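S.K.: Pasting in a structure now, in structure tokens, and then I'll have a few things to ask.
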Amino acid sequence: MLSSSVVPAADRFDWFADMVSREVVPTAIRSECPAGFQAEAAVLDLGGLRMSRLAYLPLRSRRTPALIRRSDPEQYQLALVTKGSMSLSQYGNDCGAVTGDLVMWDTSRPSVAESPSGGGLGELVVLQLPRSALPLRTPDLERLLARRIPGGQGMAAMLASFMKALVEHGDGCTAAELNRLGTVTAELAAACLAQHLAVEEDLPPEVRSQALLRRIHTFIEHRLGDPELTPPVIAAHHNMSVRALHQLFHGTGQSVHARIRRRRLERCRADLARPDLRVPVQVIAARWGFSRPAVFSRTFREAYGLSPSEFRALKIKELGAEGKPR
């Protein structure tokens, strides 16, 4: 992430305003304290999409008709408030959004955005979506402009979590990986907006299927420690038949049972490799949903070629060798 601290104090506000207009969208930005302005910015290229992380002291941003005529990327921009709050006015709508909320605007329409004065650094993660990336009708999307989308549940929570993880770890990915992640991001964004609009049936079948699959993956992750986590439980929670659940997973090359077992084993393996976690193997196994130690030991050996105890001893030995002087 680039910081205004590397820029002379007198130029920091202009640096941030130029960066936003160049990397996000041309806009007129005003600050009450330009001389003491502070900001940070980072941009992630996701193929046909871009994601920006912006941190800044209170400001006011106006997208005017003149700026739209001069330059318009013709995008919907979906922002996640990760710190502080903001207000947005567009298309006759007004909303306030706080940390954890999502809010959307159209770069082809005038808008005014503002963060409250008197606060510290606010922070946004902005997803820049070409119109073609959202397979939803324009009149439906217009209903969401400058409307607060709570990010605490459903697809909105999944999208918010994914966006935060992407800006934190995306710079470690290859260009090909970022392109694939861009496709996933667009699908999650479309599913989130469709769910909020109650028009999920308008999404292409493959987008609906992928969105549902990711919701199920998240459900499984949150309940790995429950030994009663089974396909019937998962299907009932998502209002689908067990047969439909198995069909959904068929295209992934991995069954529901296999997904649960693999993720439990990976969690156990990670815990066994921790030198600070001095608890019995069976406690770790139970923590991640293995109710029978013998079954866990056999399954672990089949997956990794060592028993859990052997694996733990090996990791302790490796860490000890790393700490010895050469």
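S.K.: Is it the case that the range 154-166 has a residue that's within 20 Å of Asp101 (Cβ to Cβ) and among the polar types (S, T, N, Q)?
M.R.: Within the range 154-166, one or more residues are within 20 Å of Asp101 (Cβ to Cβ) and among the polar types (S, T, N, Q).
S.K.: Restricting to the range 194-215, give me the number of residues that are in contact with a Lys or Arg (Cβ under 9 Å, 6 or more places away or on another chain) and either farther than 25 Å from Leu134 by Cβ or not small (Gly, Ala, Ser) (or both).
M.R.: So the count comes out to 6.
S.K.: Another question about this same structure. Need pairs with beta-carbon distance below 7 Å; first residue closer than 28 Å to Pro293 by Cα and within the range 221-246, second in a helix (DSSP H, G or I) and basic (Lys, Arg); sequence gap 6+ or separate chains.
M.R.: Hits for this filter: Glu221/Arg263; Leu224/Arg263; Leu224/Arg264; Leu224/Arg267; Gly225/Arg287.
S.K.: When the residues of the range 278-292 are filtered to those that are among the charged types (D, E, K, R) and closer than 24 Å to Leu229 by Cα, which remaining residue is surrounded by the fewest Cβ atoms within 10 Å (Cβ to Cβ)?
M.R.: Filtering the range 278-292 for residues that are among the charged types (D, E, K, R) and closer than 24 Å to Leu229 by Cα, the one surrounded by the fewest Cβ atoms within 10 Å (Cβ to Cβ) comes out as Arg292.
S.K.: Against the conditions (1) within 14 Å of Leu121 (Cβ to Cβ); (2) at pLDDT below 90; (3) within 25 Å of the chain's Cα centre (by Cα), where does Gly84 fall short? Just the number, please.
M.R.: It is condition (2) that Gly84 fails.
S.K.: Within the range 242-260, is there a residue that is farther than 30 Å from Tyr304 by Cβ, aliphatic (A, V, I, L, M) and under 25 Å from the mean Cα position of the chain (by Cα)?
M.R.: Within the range 242-260, none of the residues are farther than 30 Å from Tyr304 by Cβ, aliphatic (A, V, I, L, M) and under 25 Å from the mean Cα position of the chain (by Cα).
S.K.: State which residue is farthest from Arg261 (Cα to Cα) when the search covers only the range 293-309 and only residues that are surrounded by 13 or more Cβ atoms within 10 Å (Cβ to Cβ) and not hydrophobic (A, V, I, L, M, F, W, C).
M.R.: Step by step, filter the range 293-309, then rank; the result is Ser309.
S.K.: Find the residue count for the range 6-25, including only residues that are modelled with pLDDT under 90, out of contact with any helix residue (DSSP H, G or I) (no Cβ under 7 Å at 6 or more places or on another chain) and either not in a helix (DSSP H, G or I) or not assigned by TED's automatic domain parsing to the domain that holds Ala66 (or both).
M.R.: Adding up the residues that qualify gives 1.
S.K.: Also, quick follow-up: Out of (1) part of a loop (DSSP other than H, G, I, E, B); (2) more than 22 Å from Ala55 (Cβ to Cβ); (3) in contact (Cβ under 8 Å) with a residue 60 or more places away in the chain, the odd one out for Ser117 is which?
M.R.: (2)
S.K.: Another one. Does any residue in the range 87-98 that is farther than 18 Å from Leu141 by Cβ come within less than 7 Å, Cβ to Cβ, of a residue that is of a type in the set (S, T, N, Q) and part of a strand (DSSP E or B) six or more places away or on a different chain, and which pairs are these?
M.R.: Listed by first residue and then by second, the contacts come to Gly96/Ser85; Gly96/Ser87; Val98/Ser85.
S.K.: If a residue counts only when it is polar (S, T, N, Q), which helices (runs of 4 or more DSSP H) contained entirely in the range 130-220 have at least 2 such residues?
M.R.: Where helices (runs of 4 or more DSSP H) fall fully within the range 130-220 and carry at least 2 residues being polar (S, T, N, Q), they are 175-197.
S.K.: Let me ask another. Mind listing whichever residues of the range 168-187 are closer than 21 Å to Pro150 by Cβ and either acidic (Asp, Glu) or at pLDDT below 90 (or both)?
M.R.: Within the range 168-187, Glu187 is the sole residue that qualifies.
S.K.: Same structure again: Among residues belonging to the range 263-285 that are free of Cβ contacts under 8 Å to residues at least 24 places away in the same chain and in a helix (DSSP H, G or I), point out the one that is farthest from His222 (Cα to Cα).
M.R.: Gln282
S.K.: Kindly list the number of the only condition in (1) modelled with pLDDT of 90 or more; (2) touching a Leu at 6+ places or on another chain (Cβ under 9 Å); (3) under 26 Å from Gly182 (Cα atoms) that fails for Met155.
M.R.: Met155 satisfies all of (1) modelled with pLDDT of 90 or more; (2) touching a Leu at 6+ places or on another chain (Cβ under 9 Å); (3) under 26 Å from Gly182 (Cα atoms) except (1).
The values are calculated or read from the model by the stated rules, or taken from the named source; none is laboratory data. What you are looking at is a predicted structure, and each value in this text was computed from that prediction instead of being measured. Using ideal geometry, Cβ is built from the backbone for each residue, glycine included, and neighbour counts are taken over all protein chains shown.
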